[in-house]
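Visitor: The structure is given below, and queries will be raised subsequently.
The values are calculated or read from the model by the stated rules, or taken from the named source; none is laboratory data. Just so it is clear, the structure is predicted and the values come from calculations on it, not from any experiment. All Cβ positions, even for glycine, are placed from backbone atoms using ideal geometry, and neighbour counts span all protein chains on display.
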Amino acid sequence: MIEPWWQGGVLYQVYPRSFADSNGDGIGDLEGVTSRLEYLEWLGVDAVWLNPIYPSPNVDWGYDVADYTAVHPDLGTLGDLDRLVAEAGRRGIAVLLDLVPNHTSIEHPWFRERPDLYVWADEVPNNWRAAFRGGSAWTLDPEREGYYLHNFAREQPDLDWWNPEVRAEFERILRFWFDRGVAGFRIDVAHALVKDRELRDDVAATDEDDPHTRAHGIRRIHSMNRPETHEVFHAWRRLADSYEPPRVLVGEVYVLDVPAWARYYGSGSDELNLAFNFALVHADLEAAQMRHVVAATEAALPASAWPCWTGSNHDAGRLTTRWCDGDEALARCALLVLLTLRGAACLYYGDELALAAGHVPPERVVDVGDPPRDPARTPMPWSREGGWDDPWLPLEDTSRNVEDERADPGSTLHFTRDLIALRRTLPDLRGGSYAELPAPEGAWAWRRGEGVSVAVNLGSRPVEVAVEGRVALATDRGREGERVGGGLELAPAEGAVVTSG
Ligand code: GLC
Ligand code: CA
(Lines give C-alpha, C1' and ligand atoms only; values in the text may rest on other atoms or scores of the structure.)
(Ligands and ions follow the chains in the order given, each with its own letter.)
Protein backbone atom coordinates (compact mmCIF):
# COMPACT_ATOMS: atom_id res chain seq x y z
CA MET A 1 0.00 0.00 0.00
CA ILE A 2 1.24 3.50 -0.85
CA GLU A 3 1.06 5.89 2.10
CA PRO A 4 -1.13 7.68 2.74
CA TRP A 5 -3.36 5.55 0.53
CA TRP A 6 -6.09 8.14 0.00
CA GLN A 7 -3.85 10.57 -1.88
CA GLY A 8 -4.33 9.32 -5.38
CA GLY A 9 -5.89 6.08 -4.18
CA VAL A 10 -8.78 4.10 -5.63
CA LEU A 11 -11.91 3.81 -3.52
CA TYR A 12 -14.60 1.28 -4.23
CA GLN A 13 -18.16 2.01 -3.14
CA VAL A 14 -20.17 -0.97 -1.94
CA TYR A 15 -23.93 -0.75 -1.51
CA PRO A 16 -24.05 -3.48 1.13
CA ARG A 17 -27.57 -4.78 0.47
CA SER A 18 -26.68 -5.36 -3.18
CA PHE A 19 -23.09 -6.53 -3.19
CA ALA A 20 -22.96 -10.12 -1.95
CA ASP A 21 -25.34 -12.27 0.11
CA SER A 22 -23.75 -14.81 2.47
CA ASN A 23 -26.88 -16.50 3.84
CA GLY A 24 -29.26 -16.70 0.90
CA ASP A 25 -31.93 -14.33 2.26
CA GLY A 26 -31.64 -12.14 -0.84
CA ILE A 27 -30.02 -9.26 1.04
CA GLY A 28 -26.33 -8.52 0.67
CA ASP A 29 -24.50 -8.42 4.00
CA LEU A 30 -21.13 -7.80 5.67
CA GLU A 31 -20.05 -11.43 5.54
CA GLY A 32 -20.82 -11.29 1.84
CA VAL A 33 -18.45 -8.35 1.45
CA THR A 34 -15.76 -10.25 3.37
CA SER A 35 -16.23 -13.24 1.10
CA ARG A 36 -15.51 -11.03 -1.92
CA LEU A 37 -12.39 -9.30 -0.59
CA GLU A 38 -10.32 -11.63 -2.73
CA TYR A 39 -11.99 -10.04 -5.78
CA LEU A 40 -11.37 -6.50 -4.54
CA GLU A 41 -7.73 -7.25 -3.80
CA TRP A 42 -7.36 -8.75 -7.28
CA LEU A 43 -8.95 -5.60 -8.73
CA GLY A 44 -6.40 -3.57 -6.79
CA VAL A 45 -8.49 -1.01 -4.89
CA ASP A 46 -7.07 0.78 -1.85
CA ALA A 47 -10.29 1.14 0.12
CA VAL A 48 -13.95 0.25 0.26
CA TRP A 49 -16.65 2.65 1.35
CA LEU A 50 -19.79 0.97 2.63
CA ASN A 51 -23.12 2.81 2.43
CA PRO A 52 -24.79 2.96 5.89
CA ILE A 53 -24.75 -0.33 7.79
CA TYR A 54 -26.59 0.83 10.92
CA PRO A 55 -29.99 -0.17 12.31
CA SER A 56 -32.60 1.79 10.38
CA PRO A 57 -36.29 1.57 9.51
CA ASN A 58 -35.03 1.98 5.93
CA VAL A 59 -37.32 4.78 4.84
CA ASP A 60 -34.19 6.02 3.01
CA TRP A 61 -32.33 2.67 3.02
CA GLY A 62 -29.99 3.30 5.91
CA TYR A 63 -29.73 7.09 5.60
CA ASP A 64 -32.30 7.23 8.40
CA VAL A 65 -30.14 5.97 11.26
CA ALA A 66 -31.76 4.64 14.43
CA ASP A 67 -28.49 3.72 16.19
CA TYR A 68 -25.06 5.03 15.13
CA THR A 69 -22.98 2.43 16.94
CA ALA A 70 -24.56 -0.87 15.88
CA VAL A 71 -25.09 -2.95 12.74
CA HIS A 72 -28.43 -3.53 11.01
CA PRO A 73 -29.46 -7.16 11.66
CA ASP A 74 -30.12 -7.66 7.92
CA LEU A 75 -26.42 -6.95 7.33
CA GLY A 76 -24.86 -8.84 10.23
CA THR A 77 -23.30 -8.02 13.57
CA LEU A 78 -20.53 -5.85 15.00
CA GLY A 79 -18.43 -9.02 15.04
CA ASP A 80 -18.96 -9.36 11.27
CA LEU A 81 -17.81 -5.76 10.80
CA ASP A 82 -14.70 -6.40 12.93
CA ARG A 83 -13.90 -9.47 10.82
CA LEU A 84 -14.40 -7.49 7.61
CA VAL A 85 -12.08 -4.70 8.81
CA ALA A 86 -9.41 -7.19 9.94
CA GLU A 87 -9.56 -9.34 6.80
CA ALA A 88 -9.55 -6.27 4.53
CA GLY A 89 -6.57 -4.91 6.48
CA ARG A 90 -4.64 -8.14 5.85
CA ARG A 91 -5.23 -7.59 2.14
CA GLY A 92 -4.15 -3.95 2.26
CA ILE A 93 -7.69 -2.61 1.87
CA ALA A 94 -9.00 0.15 4.16
CA VAL A 95 -12.67 0.17 5.19
CA LEU A 96 -14.67 3.39 5.31
CA LEU A 97 -18.16 3.68 6.73
CA ASP A 98 -20.84 6.22 5.92
CA LEU A 99 -21.57 8.83 8.58
CA VAL A 100 -24.99 10.48 8.50
CA PRO A 101 -24.67 13.55 10.74
CA ASN A 102 -27.27 15.88 9.23
CA HIS A 103 -30.30 13.93 10.42
CA THR A 104 -31.35 10.78 12.24
CA SER A 105 -34.29 8.48 11.77
CA ILE A 106 -37.43 9.67 13.49
CA GLU A 107 -37.17 6.32 15.28
CA HIS A 108 -33.81 7.19 16.83
CA PRO A 109 -34.44 7.29 20.63
CA TRP A 110 -32.98 10.81 20.71
CA PHE A 111 -36.03 12.19 18.92
CA ARG A 112 -38.29 11.43 21.90
CA GLU A 113 -35.77 11.35 24.71
CA ARG A 114 -33.58 14.33 23.76
CA PRO A 115 -35.65 16.54 21.46
CA ASP A 116 -33.27 19.48 22.08
CA LEU A 117 -30.81 17.77 19.75
CA TYR A 118 -33.15 18.69 16.84
CA VAL A 119 -34.28 21.92 15.17
CA TRP A 120 -37.73 23.10 16.28
CA ALA A 121 -40.03 26.05 15.66
CA ASP A 122 -43.47 27.01 17.01
CA GLU A 123 -44.74 27.93 13.55
CA VAL A 124 -43.40 27.13 10.07
CA PRO A 125 -40.64 29.77 10.09
CA ASN A 126 -39.45 29.86 6.48
CA ASN A 127 -39.66 28.58 2.89
CA TRP A 128 -37.25 25.66 3.25
CA ARG A 129 -38.19 22.65 1.12
CA ALA A 130 -37.85 18.92 1.82
CA ALA A 131 -35.76 16.99 -0.69
CA PHE A 132 -38.04 13.95 -0.76
CA ARG A 133 -41.74 14.01 -1.64
CA GLY A 134 -41.48 17.83 -1.93
CA GLY A 135 -43.35 20.23 0.31
CA SER A 136 -42.22 22.14 3.35
CA ALA A 137 -39.15 21.02 5.28
CA TRP A 138 -41.18 21.52 8.47
CA THR A 139 -43.61 18.97 9.91
CA LEU A 140 -45.84 19.33 12.95
CA ASP A 141 -45.11 16.87 15.73
CA PRO A 142 -48.49 16.56 17.48
CA GLU A 143 -46.88 15.08 20.58
CA ARG A 144 -44.65 18.10 21.09
CA GLU A 145 -46.96 20.61 19.43
CA GLY A 146 -44.07 22.09 17.48
CA TYR A 147 -42.59 21.86 13.99
CA TYR A 148 -39.36 19.98 13.41
CA LEU A 149 -37.01 20.51 10.47
CA HIS A 150 -36.27 17.84 7.87
CA ASN A 151 -34.24 18.74 4.80
CA PHE A 152 -35.01 15.24 3.47
CA ALA A 153 -37.99 12.96 4.28
CA ARG A 154 -40.18 13.79 7.26
CA GLU A 155 -38.90 10.55 8.85
CA GLN A 156 -35.41 12.15 8.82
CA PRO A 157 -35.41 15.00 11.37
CA ASP A 158 -32.39 17.32 11.11
CA LEU A 159 -30.05 17.60 14.08
CA ASP A 160 -29.26 21.01 15.55
CA TRP A 161 -25.54 21.52 15.00
CA TRP A 162 -25.62 24.71 17.08
CA ASN A 163 -26.16 22.44 20.08
CA PRO A 164 -22.76 21.44 21.56
CA GLU A 165 -24.27 18.13 22.71
CA VAL A 166 -24.78 17.12 19.07
CA ARG A 167 -21.12 17.84 18.38
CA ALA A 168 -20.07 15.85 21.44
CA GLU A 169 -22.25 12.88 20.44
CA PHE A 170 -20.71 12.74 16.98
CA GLU A 171 -17.18 12.92 18.32
CA ARG A 172 -18.09 9.90 20.45
CA ILE A 173 -19.46 8.13 17.37
CA LEU A 174 -16.32 8.86 15.36
CA ARG A 175 -14.11 7.52 18.17
CA PHE A 176 -16.26 4.40 18.53
CA TRP A 177 -15.58 3.36 14.93
CA PHE A 178 -12.02 4.69 14.69
CA ASP A 179 -11.15 2.67 17.80
CA ARG A 180 -12.45 -0.45 15.99
CA GLY A 181 -10.04 0.13 13.12
CA VAL A 182 -12.39 1.79 10.67
CA ALA A 183 -10.17 3.83 8.33
CA GLY A 184 -12.50 6.77 7.91
CA PHE A 185 -15.89 8.02 6.82
CA ARG A 186 -17.74 9.19 3.82
CA ILE A 187 -19.79 12.06 5.27
CA ASP A 188 -23.37 12.31 4.07
CA VAL A 189 -24.58 15.77 2.95
CA ALA A 190 -21.45 17.27 4.45
CA HIS A 191 -22.34 20.77 3.29
CA ALA A 192 -25.64 20.86 5.17
CA LEU A 193 -24.92 20.29 8.85
CA VAL A 194 -25.25 23.79 10.28
CA LYS A 195 -28.43 25.74 9.49
CA ASP A 196 -28.87 29.50 9.57
CA ARG A 197 -29.24 30.41 13.23
CA GLU A 198 -32.12 32.77 12.49
CA LEU A 199 -33.80 30.29 10.12
CA ARG A 200 -34.05 32.88 7.36
CA ASP A 201 -35.70 32.12 4.00
CA ASP A 202 -33.68 30.56 1.19
CA VAL A 203 -33.63 32.81 -1.89
CA ALA A 204 -35.09 32.24 -5.33
CA ALA A 205 -32.72 30.84 -7.95
CA THR A 206 -31.75 33.12 -10.84
CA ASP A 207 -30.54 32.48 -14.39
CA GLU A 208 -26.99 32.74 -13.14
CA ASP A 209 -27.30 29.69 -10.93
CA ASP A 210 -26.07 26.28 -12.01
CA PRO A 211 -28.67 23.98 -13.63
CA HIS A 212 -29.04 21.89 -10.47
CA THR A 213 -29.94 24.92 -8.37
CA ARG A 214 -32.20 26.28 -11.11
CA ALA A 215 -34.05 22.96 -11.28
CA HIS A 216 -34.88 23.25 -7.60
CA GLY A 217 -35.94 26.87 -8.07
CA ILE A 218 -34.17 27.84 -4.89
CA ARG A 219 -30.67 28.77 -3.82
CA ARG A 220 -30.05 27.04 -0.51
CA ILE A 221 -27.94 29.57 1.31
CA HIS A 222 -29.61 29.29 4.72
CA SER A 223 -30.97 25.74 4.91
CA MET A 224 -27.48 24.45 4.00
CA ASN A 225 -24.05 25.64 2.80
CA ARG A 226 -23.47 27.69 5.96
CA PRO A 227 -19.86 28.74 6.63
CA GLU A 228 -20.15 27.55 10.24
CA THR A 229 -20.10 23.92 9.01
CA HIS A 230 -16.35 24.29 8.42
CA GLU A 231 -15.73 24.48 12.18
CA VAL A 232 -17.17 20.99 12.56
CA PHE A 233 -14.73 19.57 10.02
CA HIS A 234 -11.80 21.38 11.61
CA ALA A 235 -12.57 19.59 14.85
CA TRP A 236 -13.10 16.22 13.16
CA ARG A 237 -9.86 16.48 11.20
CA ARG A 238 -7.95 17.08 14.42
CA LEU A 239 -9.62 14.00 15.85
CA ALA A 240 -8.99 11.89 12.73
CA ASP A 241 -5.34 12.99 12.59
CA SER A 242 -4.80 12.00 16.21
CA TYR A 243 -5.11 8.32 15.18
CA GLU A 244 -2.37 6.15 13.74
CA PRO A 245 -2.67 5.83 10.84
CA PRO A 246 -4.66 9.06 10.56
CA ARG A 247 -8.30 8.42 9.71
CA VAL A 248 -9.77 9.85 6.52
CA LEU A 249 -12.78 12.13 5.96
CA VAL A 250 -14.41 12.07 2.52
CA GLY A 251 -17.24 14.53 2.09
CA GLU A 252 -20.37 14.24 0.04
CA VAL A 253 -20.07 17.97 -0.60
CA TYR A 254 -22.93 18.48 -3.02
CA VAL A 255 -21.84 21.95 -4.08
CA LEU A 256 -21.48 22.52 -7.81
CA ASP A 257 -19.81 25.90 -7.48
CA VAL A 258 -16.21 24.66 -7.61
CA PRO A 259 -14.53 27.39 -5.48
CA ALA A 260 -17.23 26.97 -2.79
CA TRP A 261 -16.77 23.19 -2.94
CA ALA A 262 -12.98 23.53 -2.59
CA ARG A 263 -13.37 25.42 0.69
CA TYR A 264 -14.31 22.13 2.39
CA TYR A 265 -10.65 21.15 2.13
CA GLY A 266 -9.79 24.11 4.41
CA SER A 267 -6.14 25.08 4.00
CA GLY A 268 -5.53 21.71 2.36
CA SER A 269 -4.79 19.77 5.51
CA ASP A 270 -7.18 20.95 8.21
CA GLU A 271 -10.70 20.01 7.00
CA LEU A 272 -11.84 17.15 4.75
CA ASN A 273 -9.16 14.91 3.21
CA LEU A 274 -11.28 14.43 0.09
CA ALA A 275 -14.59 15.66 -1.29
CA PHE A 276 -16.50 14.13 -4.18
CA ASN A 277 -16.48 16.45 -7.15
CA PHE A 278 -20.13 16.65 -8.22
CA ALA A 279 -19.42 19.26 -10.89
CA LEU A 280 -17.87 16.43 -12.90
CA VAL A 281 -20.71 14.03 -12.06
CA HIS A 282 -23.12 16.61 -13.49
CA ALA A 283 -21.03 17.31 -16.61
CA ASP A 284 -21.64 15.36 -19.79
CA LEU A 285 -18.97 12.95 -21.01
CA GLU A 286 -17.80 15.61 -23.39
CA ALA A 287 -14.31 17.07 -23.75
CA ALA A 288 -15.03 20.78 -23.38
CA GLN A 289 -17.29 20.38 -20.34
CA MET A 290 -15.02 18.01 -18.48
CA ARG A 291 -11.86 19.92 -19.28
CA HIS A 292 -13.52 23.00 -17.88
CA VAL A 293 -14.49 21.29 -14.59
CA VAL A 294 -11.01 19.87 -14.13
CA ALA A 295 -9.31 23.21 -14.84
CA ALA A 296 -11.63 24.94 -12.37
CA THR A 297 -10.94 22.24 -9.79
CA GLU A 298 -7.17 22.44 -10.15
CA ALA A 299 -7.34 26.23 -9.89
CA ALA A 300 -9.58 26.24 -6.81
CA LEU A 301 -7.94 23.59 -4.64
CA PRO A 302 -5.18 24.42 -2.16
CA ALA A 303 -1.82 23.13 -3.41
CA SER A 304 -1.69 20.21 -0.96
CA ALA A 305 -5.24 18.98 -1.65
CA TRP A 306 -6.35 15.99 -3.76
CA PRO A 307 -9.54 15.96 -5.82
CA CYS A 308 -11.84 12.94 -5.67
CA TRP A 309 -13.43 11.86 -8.95
CA THR A 310 -16.42 9.65 -9.48
CA GLY A 311 -18.97 8.99 -12.21
CA SER A 312 -21.53 6.79 -10.47
CA ASN A 313 -23.09 6.35 -7.08
CA HIS A 314 -26.26 5.12 -5.38
CA ASP A 315 -27.98 8.49 -6.00
CA ALA A 316 -26.76 9.74 -9.37
CA GLY A 317 -26.92 6.40 -11.18
CA ARG A 318 -24.38 4.40 -13.15
CA LEU A 319 -21.88 6.11 -15.46
CA THR A 320 -22.32 3.48 -18.18
CA THR A 321 -25.93 4.60 -18.53
CA ARG A 322 -25.70 8.27 -17.53
CA TRP A 323 -22.64 9.18 -19.55
CA CYS A 324 -22.46 6.45 -22.17
CA ASP A 325 -26.00 5.27 -22.91
CA GLY A 326 -24.79 1.71 -22.32
CA ASP A 327 -21.90 1.89 -24.80
CA GLU A 328 -18.98 -0.13 -23.50
CA ALA A 329 -16.27 1.64 -25.49
CA LEU A 330 -17.41 4.97 -24.05
CA ALA A 331 -17.56 3.45 -20.56
CA ARG A 332 -13.87 2.55 -20.96
CA CYS A 333 -13.15 6.16 -21.90
CA ALA A 334 -14.98 7.31 -18.77
CA LEU A 335 -12.99 4.89 -16.60
CA LEU A 336 -9.81 6.07 -18.29
CA VAL A 337 -10.67 9.66 -17.39
CA LEU A 338 -11.59 8.92 -13.78
CA LEU A 339 -8.53 6.76 -13.15
CA THR A 340 -5.94 9.02 -14.77
CA LEU A 341 -6.87 12.48 -13.52
CA ARG A 342 -4.88 13.80 -10.57
CA GLY A 343 -6.46 12.67 -7.32
CA ALA A 344 -8.41 9.84 -5.79
CA ALA A 345 -10.96 7.98 -7.89
CA CYS A 346 -14.05 6.25 -6.59
CA LEU A 347 -15.61 3.37 -8.49
CA TYR A 348 -19.16 2.28 -7.70
CA TYR A 349 -19.55 -1.51 -7.56
CA GLY A 350 -20.05 -2.71 -11.13
CA ASP A 351 -18.41 0.30 -12.81
CA GLU A 352 -15.44 -1.97 -13.47
CA LEU A 353 -17.72 -4.23 -15.56
CA ALA A 354 -19.28 -1.31 -17.46
CA LEU A 355 -22.47 -2.27 -15.67
CA ALA A 356 -25.53 -0.34 -16.85
CA ALA A 357 -28.51 0.74 -14.73
CA GLY A 358 -30.71 -2.18 -13.68
CA HIS A 359 -34.31 -2.52 -14.79
CA VAL A 360 -36.67 -2.19 -11.82
CA PRO A 361 -40.36 -2.53 -12.71
CA PRO A 362 -42.67 -0.08 -10.92
CA GLU A 363 -44.05 -2.72 -8.54
CA ARG A 364 -40.53 -3.47 -7.29
CA VAL A 365 -39.54 0.15 -6.60
CA VAL A 366 -38.62 0.69 -2.94
CA ASP A 367 -36.89 4.09 -2.96
CA VAL A 368 -38.39 7.24 -1.45
CA GLY A 369 -36.67 9.42 -4.09
CA ASP A 370 -38.35 10.79 -7.18
CA PRO A 371 -37.25 9.62 -9.67
CA PRO A 372 -36.49 6.42 -7.78
CA ARG A 373 -32.83 5.53 -7.42
CA ASP A 374 -33.37 1.74 -7.40
CA PRO A 375 -31.92 1.18 -10.93
CA ALA A 376 -28.52 2.24 -9.55
CA ARG A 377 -28.81 -0.18 -6.62
CA THR A 378 -29.56 -3.55 -8.22
CA PRO A 379 -27.52 -6.64 -7.20
CA MET A 380 -23.96 -7.19 -8.36
CA PRO A 381 -23.94 -9.78 -11.17
CA TRP A 382 -21.31 -12.27 -10.03
CA SER A 383 -21.97 -14.71 -12.86
CA ARG A 384 -24.31 -15.29 -15.76
CA GLU A 385 -26.69 -16.95 -13.25
CA GLY A 386 -26.36 -13.87 -11.07
CA GLY A 387 -25.13 -15.43 -7.85
CA TRP A 388 -28.26 -14.45 -5.91
CA ASP A 389 -31.35 -16.25 -4.60
CA ASP A 390 -34.39 -14.05 -5.02
CA PRO A 391 -32.58 -10.76 -4.35
CA TRP A 392 -34.28 -7.78 -2.66
CA LEU A 393 -34.09 -5.79 -5.93
CA PRO A 394 -34.38 -7.53 -9.29
CA LEU A 395 -31.30 -8.66 -11.19
CA GLU A 396 -32.46 -9.09 -14.76
CA ASP A 397 -29.48 -8.46 -17.03
CA THR A 398 -26.37 -10.48 -16.21
CA SER A 399 -24.73 -10.17 -19.62
CA ARG A 400 -21.91 -8.17 -18.03
CA ASN A 401 -20.82 -10.18 -15.00
CA VAL A 402 -17.72 -10.80 -12.90
CA GLU A 403 -17.15 -14.44 -13.79
CA ASP A 404 -17.22 -13.96 -17.57
CA GLU A 405 -15.22 -10.73 -17.53
CA ARG A 406 -12.62 -12.13 -15.17
CA ALA A 407 -12.07 -15.03 -17.56
CA ASP A 408 -11.63 -12.69 -20.55
CA PRO A 409 -8.38 -10.66 -20.66
CA GLY A 410 -9.97 -8.35 -23.23
CA SER A 411 -12.87 -7.38 -20.93
CA THR A 412 -13.59 -4.01 -19.36
CA LEU A 413 -12.95 -5.61 -15.98
CA HIS A 414 -9.37 -6.43 -17.00
CA PHE A 415 -9.02 -2.99 -18.55
CA THR A 416 -10.03 -1.39 -15.23
CA ARG A 417 -7.72 -3.66 -13.24
CA ASP A 418 -4.78 -2.93 -15.52
CA LEU A 419 -5.45 0.78 -15.27
CA ILE A 420 -5.46 0.59 -11.47
CA ALA A 421 -2.22 -1.41 -11.57
CA LEU A 422 -0.66 1.19 -13.86
CA ARG A 423 -1.30 3.85 -11.21
CA ARG A 424 1.02 1.87 -8.97
CA THR A 425 3.75 1.25 -11.53
CA LEU A 426 3.76 4.81 -12.90
CA PRO A 427 4.21 7.20 -9.96
CA ASP A 428 3.41 10.15 -12.27
CA LEU A 429 -0.03 8.66 -12.88
CA ARG A 430 -0.75 8.31 -9.20
CA GLY A 431 0.79 11.49 -7.87
CA GLY A 432 2.02 13.71 -10.70
CA SER A 433 0.63 17.14 -11.51
CA TYR A 434 -2.12 17.70 -14.10
CA ALA A 435 -1.45 19.93 -17.11
CA GLU A 436 -3.85 20.24 -20.00
CA LEU A 437 -2.41 19.61 -23.48
CA PRO A 438 -3.69 21.00 -26.77
CA ALA A 439 -6.19 18.66 -28.44
CA PRO A 440 -8.52 18.92 -31.44
CA GLU A 441 -12.23 19.50 -30.93
CA GLY A 442 -13.97 16.56 -29.29
CA ALA A 443 -10.74 15.27 -27.76
CA TRP A 444 -9.12 15.99 -24.43
CA ALA A 445 -5.48 15.41 -23.50
CA TRP A 446 -3.36 16.06 -20.46
CA ARG A 447 0.04 15.35 -19.01
CA ARG A 448 0.64 13.82 -15.60
CA GLY A 449 3.91 14.77 -13.98
CA GLU A 450 6.79 14.68 -16.45
CA GLY A 451 6.45 11.43 -18.28
CA VAL A 452 2.83 10.38 -18.79
CA SER A 453 0.22 11.70 -21.23
CA VAL A 454 -3.42 10.72 -21.53
CA ALA A 455 -5.63 11.40 -24.52
CA VAL A 456 -9.25 10.52 -25.10
CA ASN A 457 -11.57 11.13 -28.03
CA LEU A 458 -15.08 11.84 -26.78
CA GLY A 459 -16.23 13.31 -30.08
CA SER A 460 -17.76 11.70 -33.14
CA ARG A 461 -14.84 12.14 -35.60
CA PRO A 462 -11.35 10.59 -35.69
CA VAL A 463 -8.67 12.91 -34.31
CA GLU A 464 -4.92 13.11 -34.02
CA VAL A 465 -3.47 14.30 -30.71
CA ALA A 466 0.09 15.62 -30.47
CA VAL A 467 1.64 13.30 -27.92
CA GLU A 468 4.73 11.13 -28.24
CA GLY A 469 6.06 7.96 -26.67
CA ARG A 470 4.72 4.47 -26.26
CA VAL A 471 1.11 3.37 -25.65
CA ALA A 472 1.12 1.88 -22.14
CA LEU A 473 -2.59 1.15 -22.00
CA ALA A 474 -5.46 1.78 -24.40
CA THR A 475 -9.21 1.26 -24.55
CA ASP A 476 -8.40 -0.76 -27.68
CA ARG A 477 -6.12 -3.30 -25.99
CA GLY A 478 -4.54 -4.26 -29.31
CA ARG A 479 -2.73 -0.92 -29.46
CA GLU A 480 -0.61 -1.40 -26.36
CA GLY A 481 3.09 -1.16 -27.04
CA GLU A 482 2.50 0.94 -30.18
CA ARG A 483 5.12 3.67 -30.70
CA VAL A 484 3.71 7.12 -31.21
CA GLY A 485 5.90 9.49 -33.18
CA GLY A 486 4.19 12.53 -34.66
CA GLY A 487 0.76 12.11 -33.14
CA LEU A 488 -1.70 9.65 -31.65
CA GLU A 489 -4.64 8.80 -33.85
CA LEU A 490 -7.82 8.11 -31.95
CA ALA A 491 -11.12 6.89 -33.34
CA PRO A 492 -14.31 8.07 -31.59
CA ALA A 493 -14.66 6.50 -28.11
CA GLU A 494 -10.97 5.67 -27.95
CA GLY A 495 -8.36 6.72 -25.45
CA ALA A 496 -4.85 5.84 -24.31
CA VAL A 497 -2.14 6.39 -21.73
CA VAL A 498 1.17 7.21 -23.42
CA THR A 499 4.52 7.16 -21.63
CA SER A 500 7.52 9.08 -22.89
CA GLY A 501 10.76 7.31 -23.69
C1 GLC B 1 -27.24 11.70 0.60
C2 GLC B 1 -27.26 10.23 0.30
C3 GLC B 1 -28.62 9.86 -0.19
C4 GLC B 1 -29.61 10.16 0.90
C5 GLC B 1 -29.51 11.61 1.35
C6 GLC B 1 -30.21 11.82 2.66
O7 GLC B 1 -27.41 12.48 -0.52
O8 GLC B 1 -26.25 9.90 -0.61
O9 GLC B 1 -28.71 8.52 -0.59
O10 GLC B 1 -30.90 9.89 0.45
O11 GLC B 1 -28.18 12.00 1.58
O12 GLC B 1 -29.50 11.19 3.70
CA1 CA C 1 -27.98 -11.90 3.54
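Visitor: Do you know which of the residues in the stretch 338-370 that are part of a loop (DSSP other than H, G, I, E, B) and over 19 Å from the mean Cα position of the chain (by Cα) is nearest to VAL402 (Cα to Cα)?
Guide: Among them, the one singled out is HIS359.
Visitor: Please pick out the residue among VAL402, VAL337, VAL360 that is in contact with an Asp or Glu (Cβ under 6 Å, 6 or more places away or on another chain) and surrounded by 16 or more Cβ atoms within 10 Å (Cβ to Cβ).
Guide: Selected residue: VAL360, the only one of VAL402, VAL337, VAL360 that is in contact with an Asp or Glu (Cβ under 6 Å, 6 or more places away or on another chain) and surrounded by 16 or more Cβ atoms within 10 Å (Cβ to Cβ).
Visitor: Additional query: Any idea which of ALA407, ALA466 is surrounded by fewer than 19 Cβ atoms within 10 Å (Cβ to Cβ) and closer than 30 Å to PRO379 by Cβ?
Guide: Answer to the selection: ALA407.
Visitor: Having 1 or more residues that are surrounded by 18 or more Cβ atoms within 10 Å (Cβ to Cβ) and of a type in the set (A, V, I, L, M) is the bar; report the helices (runs of 4 or more DSSP H) wholly within the stretch 78-187 that clear it.
Guide: Of the helices (runs of 4 or more DSSP H) lying wholly inside the stretch 78-187, those with at least 1 residues that are surrounded by 18 or more Cβ atoms within 10 Å (Cβ to Cβ) and of a type in the set (A, V, I, L, M) span 78-90, 164-179.
Visitor: What's the total number of residues in the stretch 28-55 that are surrounded by fewer than 24 Cβ atoms within 10 Å (Cβ to Cβ), of a type in the set (Gly, Ala, Ser) and away from ligand 2 (no atom under 16 Å from the Cβ)?
Guide: 1
Visitor: Out of all the residues in the stretch 151-190, which are at positive phi and either within 16 Å of ligand 2 (Cβ to nearest atom) or in contact with a strand residue (DSSP E or B) (Cβ under 7 Å, 6 or more places away or on another chain) (or both)?
Guide: Of everything in the stretch 151-190, just one residue is at positive phi and either within 16 Å of ligand 2 (Cβ to nearest atom) or in contact with a strand residue (DSSP E or B) (Cβ under 7 Å, 6 or more places away or on another chain) (or both), namely GLY184.
Visitor: Criterion first (at pLDDT 95 or above, under 18 Å from ASN51 (Cα atoms) and within 16 Å of ligand 1 (Cβ to nearest atom)) does ARG318 satisfy it?
Guide: yes
Visitor: Further question: Restricting to strands (runs of 3 or more DSSP E) lying wholly in the stretch 419-491: which have 1 or more residues that are out of contact with any Phe, Trp or Tyr (no Cβ under 7 Å at 6 or more places or on another chain) and farther than 18 Å from TRP309 by Cα?
Guide: 443-448, 452-457, 463-465, 469-474, 488-490
Visitor: Would you point out the residue of the stretch 17-27, among those that are out of contact with any helix residue (DSSP H, G or I) (no Cβ under 8 Å at 6 or more places or on another chain) and assigned to a loop (DSSP other than H, G, I, E, B), that is nearest to ligand 2 (Cβ to nearest atom)?
Guide: It comes out as ASP25.
Visitor: Please find, among PHE132, PHE111, the residue that is away from ligand 2 (no atom under 16 Å from the Cβ), modelled with pLDDT under 95 and outside the structural domain of TRP382 (by TED's automatic domain parsing).
Guide: Every option except PHE132 fails the conditions.
Visitor: Within the bounds of the stretch 1-16, is there any residue that is assigned by TED's automatic domain parsing to the domain that holds ALA344, in a helix (DSSP H, G or I) and within 11 Å of ligand 2 (Cβ to nearest atom)?
Guide: yes
Visitor: In the stretch 437-463, how many are crowded, with 22+ Cβ neighbours inside 10 Å and over 18 Å from LEU285 (Cβ atoms)?
Guide: Looking only at that region, the number is 3.
Visitor: Quick one: in the stretch 1-58, of everything that is free of Cβ contacts under 8 Å to residues at least 60 places away in the same chain and of a type in the set (Ser, Thr, Tyr), which residue is nearest to ligand 1 (Cβ to nearest atom)?
Guide: Top of the filtered list is SER56.
Visitor: Consider the stretch 292-315. How many of its residues are touching a Ser or Thr at 6+ places or on another chain (Cβ under 7 Å) and either part of a helix (DSSP H, G or I) or modelled with pLDDT of 95 or more (or both)?
Guide: 2
Visitor: Restricting the search to the stretch 421-436, which residues are of a type outside the set (A, V, I, L, M) and either in contact (Cβ under 8 Å) with a residue 40 or more places away in the chain or surrounded by 15 or more Cβ atoms within 10 Å (Cβ to Cβ) (or both)?
Guide: ARG423, ARG424, PRO427, ASP428, ARG430, GLY431, GLY432, SER433, TYR434, GLU436 - these are the residues of the stretch 421-436 that are of a type outside the set (A, V, I, L, M) and either in contact (Cβ under 8 Å) with a residue 40 or more places away in the chain or surrounded by 15 or more Cβ atoms within 10 Å (Cβ to Cβ) (or both).
Visitor: Still on this structure, please answer the following. How many of the residues making up the stretch 267-315 are within 21 Å of ALA183 (Cα to Cα), within 16 Å of ligand 1 (Cβ to nearest atom) and small (Gly, Ala, Ser)?
Guide: So the answer is 1.
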